[in-house]
Amino acid sequence: MEIERKYLITSLPGGYDAFPSRAIQQAYLCGDPVVRIRKEDDQYYLTYKSKGLLAREEYNLPLTKEAYDHLLPKADGISLTKRRYRIPIEGTDLTIELDIFSGDYEGLALAEVEFESVKQAEEFLPPDWFGRDVTFSGEYQNSRLALKRR
């Protein structure tokens with residue numbers, strides 16, 4: 001089960017780029033349910049996500065580079081490219097995943113935080129640099145972004 005909140009970031013925090021990061025390219029084979037392929041540095045995955053905004057089932061299966069390359073042209077919409085920074089939240093066991101998009105969404109920045117429970121997610125107080133909570137709007141779900149261009 002994936003339980004996460006998502007925020008639009010309009011002003012990046014100082015020093016974010018000093019944290020570990022990965023290059024991500026992902027595309028969507030299906031939007032309902034979500035079936036995604038992802039290249040994360042030199043690792044490849046196929047992911048299934050059920051319906052939902054705050055909490056939903058998620059399953060990741062490993063792919064080979066060849067399988068990823070075969071599936072990529074079959075994807076709906078565009079490929080999303082971004083760099084994901086993992087920033088620990090001081091005094092907690094939580095981590096911010098800060099995505100800085102490139103390509104069609106150059107300049108877009110989103111932050112996600114994953115939780116152990118819905119209660120923990122509902123009680124979360126975001127850092128001051130987080131912008132609007134877009135968890136429940138769904139407008140910034142990556143599967144939706146892939147189907148429209150900015």
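The values are calculated or read from the model by the stated rules, or taken from the named source; none is laboratory data. Remember, predicted model here, so these are calculated numbers, not experimental data. When we count neighbours, we look across all protein chains shown, and the Cβ atoms used for this are built from the backbone with ideal geometry, even at glycine. Accessible surface is based on the protein model in full, side chains and every heavy atom, while ligands, DNA and RNA are left aside. Shrake-Rupley method; radii C 1.70, N 1.55, O 1.52, S 1.80 Å.
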List the number of the failed condition for Ser137; all other conditions in (1) open to solvent by less than 60 Å² (accessible area, probe 1.4 Å); (2) in a strand (DSSP E or B) hold. (2)
Which of the residues that make up region 129-139 are of a type outside the set (Gly, Ala, Ser) and modelled with pLDDT of 95 or more? Trp129, Phe130, Arg132, Asp133, Val134, Thr135
Considering residues of region 1-21 that are more than 20 Å from Glu40 (Cα to Cα) and of a type in the set (Ser, Thr, Tyr) only, the residue most open to solvent (accessible area, probe 1.4 Å): Thr10
Can you report the number of residues in region 22-51 which are open to solvent by less than 30 Å² (accessible area, probe 1.4 Å) and among the small types (Gly, Ala, Ser)? 2
When you scan region 55-66, do you find a residue that is without any contact (Cβ under 8 Å) to a residue 12 or more places away in the chain, open to solvent by 80 Å² or more (accessible area, probe 1.4 Å) and not hydrophobic (A, V, I, L, M, F, W, C), even just one? yes
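Condition check ((1) open to solvent by 20 Å² or more (accessible area, probe 1.4 Å); (2) modelled with pLDDT under 95) across all residues:
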residue: Gly77; (1), (2): yes, yes
residue: Leu80; (1), (2): no, no
residue: Arg83; (1), (2): yes, no
residue: Gly91; (1), (2): yes, yes
residue: Leu98; (1), (2): no, no
residue: Ser102; (1), (2): yes, no
residue: Glu106; (1), (2): yes, no
residue: Val113; (1), (2): no, no
Based on what the data block shows, is Leu53 under 15 Å from the mean Cα position of the chain (by Cα), closer than 14 Å to Gly138 by Cβ and at pLDDT below 95? yes
What pairs can you find where one residue is in region 70-91 and closer than 19 Å to Val34 by Cα, the other is open to solvent by 40 Å² or more (accessible area, probe 1.4 Å) and among the acidic types (Asp, Glu), and their Cβ atoms are less than 9 Å apart, with a gap of 6+ or different chains? Ile78/Asp104; Ser79/Asp104; Leu80/Asp104; Thr81/Asp104
Listed residues Glu114, Glu97; which is without any contact (Cβ under 8 Å) to a residue 60 or more places away in the chain, within 26 Å of Asp32 (Cβ to Cβ) and charged (D, E, K, R)? Glu97
